[in-house]
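Peer 1: Once you've had a glance at the structure underneath, I'll fire off some questions.
What follows is calculated from the coordinates using simple rules that are stated; it is not laboratory data. Owing to the predicted nature of the structure, the values given are computational and were not obtained by experimental measurement. Don't worry about glycine lacking a Cβ; one is built from the backbone with ideal geometry, like all the others, and counts go over all protein chains shown.
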Amino acid sequence: MKISIATLFDAMFEPFFMTSIMKKANLKNLVQFETINIRDYTKDKHTRVDDYPYGGGAGLVMQVQPIVDMLKAIKTKDSHVILLTPAAPVFNQARARALSKKSHLILICGHYEGVDERVMAYVDEVLSIGDYVLTGGELAAMIVVDSVVRLLDGVLAADSTKEESFENHLLEYPQYTRPETFEGDQVPGVLLSGHHQQIRSWRLKESLRKTLKYRPDLLEKADLDQEAQALLNALLKESED
Ligand code: ADE
């Protein structure tokens with residue numbers, strides 16, 4: 001996969017691409033990163049890329065010309081163009097999975113008060129990372145890239161993304177590692193039992209417990225089998241008592 005980041009602040013991406021899993025994925029040739037400075041495409045003689053909003057109001061708006069010329073220069077028939085903006089559907093694991101199947105992602109990072117709406121005709125998708133406003137789309141782009149790259153075949157150990165949070169709309173079960181006892185707090189005995197069936201069932205119940213506590217909205221979308229539904233009913237009953 002190739003990932004192109006169009007931004008006014010390309011220096012922000014250097015440490016991100018050169019660290020941890022992003023670096024490993026790149027070294028394994030599973031992903032190629034490039035940053036494109038939108039300012040390189042402005043036709044303004046003072047290299048401006050923003051201007052005052054028509055109709056008045058606070059702040060500056062990113063101009064359409066540099067962004068569209070940048071896209072015309074780098075886009076191919078395989079490119080999927082995404083604009084990061086708070087005025088968009090919220091990104092989630094299902095979108096990350098879908099994007100991990102594309103061969104070329106172009107992520108455009110907005111800045112200032114937003115981007116001239118006429119850019120919308122040149123993008124395939126708009127994404128927000130949550131209901132809050134950042135100073136620009138750069139951090140949002142990193143979040144999207146991180147969650148997509150770790151799903152690419154060969155980046156993480158096979159199967160390690162299958163059971164994590166949001167797969168099947170549930171939060172992940174609690175995890176423990178050594179030591180067995182920390183300041184008197186013990187690892188749940190079932191995890192030490194070696195009894196795979198009981199461990200699986202305990203994990204499912206704890207996954208349901210966490211989801212019920214922190215994200216009950218997810219349970220409406222979860223596709224629960226009979227066992228999961230029975231465990232959830234038991235948890236609901238426990239919380240009534
Ligand atoms: N730019 C500013 N805020 C944002 C958000 N919440 N998501 C994506 N891009 C943004």
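Peer 1: Would you list, by chain and number, the lysines whose Cα falls below 23 Å from the Cα of Lys28, excluding same-chain residues fewer than 8 positions away?
Peer 2: Here the lysines satisfying the reach criterion relative to Lys28 are Lys2, Lys101, Lys102, Lys162.
Peer 1: Please order Val123, Val133, Val149 by the number of other Cβ within 10 Å, starting at the fewest.
Peer 2: In increasing order of surrounding Cβ atoms, one gets Val133, Val123, Val149.
Peer 1: Return an integer: the convex hull volume of the alpha-carbon atoms of the chain, in Å³ per residue.
Peer 2: Here the figure is 196 Å³ per residue.
Peer 1: Taking the Cβ of Gln93 as the centre, find all other residues whose Cβ is under 10 Å away and add up their charges (Lys, Arg: +1; Asp, Glu: -1).
Peer 2: Combined, the nearby Lys, Arg, Asp and Glu give 0.
Peer 1: Right, something else. First check a/c for segment 163-240, with a ≥ b ≥ c the square roots of the eigenvalues of its C-alpha gyration tensor; if it is under 1.5, answer rounded, and if not, answer prolate when a/b is larger than b/c or oblate otherwise.
Peer 2: prolate
Peer 1: Turning to a different aspect of this structure: Set Lys and Arg Cβ to +1 and Asp and Glu Cβ to -1, take the dipole of segment 163-240 about its Cα centre, and tell me which of Gly189, Ile199, Tyr173 lies farthest positive.
Peer 2: Result: Gly189, furthest along the dipole toward the positive end.
Peer 1: Next question. Of all DSSP beta bridges in the chain, what percent run antiparallel (nearest 5)?
Peer 2: That works out to approximately 20 percent antiparallel.
Peer 1: Within 10 Å of each residue's Cβ, count the other Cβ atoms and sort Met12, Met142, Met120 from fewest upward.
Peer 2: By the 10 Å Cβ count, ascending, the order reads Met120, Met12, Met142.
Peer 1: List every residue whose amide H lies under 5 Å from the amide H of Ala222, counting only residues 5 or more places away in sequence or on a different chain, with H placed 1.01 Å from N in the peptide plane.
Peer 2: The list, which skips near neighbours in sequence, is empty: none.
Peer 1: Taking the Cβ-Cβ separation of Val187 and Glu240 as r and a Förster radius of 35 Å, what is the calculated FRET efficiency to the nearest 0.05?
Peer 2: 0.75
Peer 1: What lysines sit close enough to Lys43 to cross-link, taking a C-alpha to C-alpha distance under 18 Å and skipping anything fewer than 8 places away on the same chain?
Peer 2: Filter leaves Lys72.
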